[in-house]
Amino acid sequence: MTMMTAKGLDYEKAGNGCLGGTPTLTMQDVAGALGMADISREAYLYGLLKYTDDKTVLHELDKLTQKAVILFALKQGWKEPFPKGAALF
């Protein structure tokens with residue numbers, strides 16, 4: 001994943017004390033590669049946020065993360081912090 005970072009430096013091209021070169025992948029390339037990967041929606045959104053700095057996915061990622069935490073808590077038998085019968089989603 002680090003090699004896909006559109007904003008990072010290419011350390012493989014570094015030599016003789018020089019910093020790496022400009023990346024050849026664009027943010028659109030990274031987004032396209034993430035879209036073709038067989039990963040969960042949460043992982044896809046996180047990848048967009050982290051590697052392309054796409055902050056438009058924050059709201060959906062937050063919602064999905066909250067849902068995952070609540071479902072995990074319910075499966076583990078945690079005490080519910082919400083009234084019985086309340087709509088979760």
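The values are calculated or read from the model by the stated rules, or taken from the named source; none is laboratory data. It should be emphasised that the depicted structure is a prediction, and the values quoted were computed from it without experimental measurement. A quick note on method: Cβ atoms are made from the backbone with ideal geometry, for glycine too, and the neighbour counts reach across all protein chains shown.
Which of the residues that make up segment 71-81 are modelled with pLDDT of 85 or more and surrounded by 12 or more Cβ atoms within 10 Å (Cβ to Cβ)?
Within segment 71-81, Leu71, Ala73 meet the criteria.
Going through segment 25-38 one residue at a time, which ones are over 17 Å from Lys55 (Cβ atoms) and either surrounded by 13 or more Cβ atoms within 10 Å (Cβ to Cβ) or polar (S, T, N, Q) (or both)?
Within segment 25-38, Leu25, Thr26, Asp29, Ala33 qualify.
If you scan segment 44-57, which residues turn out to be part of a helix (DSSP H, G or I), surrounded by 12 or more Cβ atoms within 10 Å (Cβ to Cβ) and not basic (Lys, Arg)?
Tyr44, Leu45, Tyr46, Gly47, Leu48, Leu49, Tyr51, Thr52, Val57
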